[in-house]
1. Quickly work out the residue 28-to-residue 163 label distance, labels modelled 7 Å from Cα along the C-beta direction, and quote it in nm with one decimal.
2. So what is the 222 nm mean residue ellipticity for the chain from helices alone, if each DSSP H run of at least 4 adds -39500 (n - 2.57) and you divide by all residues, rounding to the nearest 500 deg cm²/dmol?
3. Convert each backbone phi in the range 37-45 into a coupling constant with the Karplus relation 6.51 cos²θ - 1.76 cosθ + 1.60 (shift: θ = phi - 60°), then list the ³J(HN,Hα) values in order as whole Hz, x for Gly and Pro.
4. Normalising by the residue count of the chain, find the relative contact order in percent from Cα pairs under 8 Å and 6+ residues apart.
5. Efficiency by 1/(1 + (r/R0)^6): what FRET value for residue 113 and residue 151, r their Cβ-Cβ distance, R0 = 41 Å, to the nearest 0.05?
6. Quick one: how many lysine pairs in the chain have C-alpha atoms under 27 angstrom apart, if they're 8 or more apart or on different chains?
7. Please state the Cα pair-distance histogram of the chain with 5 angstrom bins from zero: what percent is in each bin?
8. Separation between the residue 92 and residue 141 pseudo-spin-labels, each 7 Å from Cα along Cα→Cβ, expressed in nm?
Amino acid sequence: MKAAASATPDTPLPIPSGKEYYERSLTVALLRARESTMRRFKRYADAQDLTLPQWRVLRALADGVPLDAGTLCQRCVILPPSLTRILRALAERGLILQVPCTDARRHMVTLTEPGKALFDELVIQSEDSRRQIDCAFGEDKMQTLLDLLNELREITEALPDPD
């Protein structure tokens, strides 16, 4: 890999293979970190018969401000067809409620009291897991990681479309 260090902008770095590829791949590292982190929280959602995407929707609505489907898709990183199913399931459980909107094309929802209570319970239950991760990783490192991940997202979103 020493030759790779002398690569210029005109000559791409060689593509690693085998174990090195998986250990140094950005996409694989992000997926592994996500999976190992989410595994610590999934049990709380499972205990309440929620999926993790449903929990993300409850979290997005927890501020008490009604949100439209487009905003929820963006904030929760959920595709529209999946969000439709999630909203239906949460509404059937009485956790969210559609609210009137002046624009008939927008589907606005808010948490109900049982939805807010469930969210609050999940936060309390999962707080120890969040705190353990922060302590083990380091609160300063966690803040730096979050800043860097947000910066990476902003930069990659600003890059030209690869098509």
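Values in this text are rule-based calculations from the coordinates and carry no lab data. Please read these numbers as outputs of a predicted model, since none were measured by experiment. Here the Cβ is made from the backbone with ideal geometry for all residues, glycine too, and neighbour counts use every protein chain on show.
1. Modelled inter-label distance: 2.8 nm.
2. Values: 7 runs with 105 residues, N = 163.
The helix contribution divided over the chain gives -21000 deg cm²/dmol.
3. Calculated HN-Hα couplings, in order: 6, 5, 4, 5, 9, 4, 4, 5, 5 Hz.
4. Values: 102 pairs, mean separation 27.7, N = 163.
Relative contact order, the chain: 17 percent.
5. Numbers: r = 38 Å, r/R0 = 0.93.
Taking R0 as 41 Å, the efficiency between residue 113 and residue 151 is 0.60.
6. Working: 2/19; 19/141; 42/116; 42/141.
Step by step, the pairs that qualify in the chain add up to 4.
7. 1, 7, 12, 15, 16, 14, 12, 8, 5, 4, 3, 1, 0
8. 4.3
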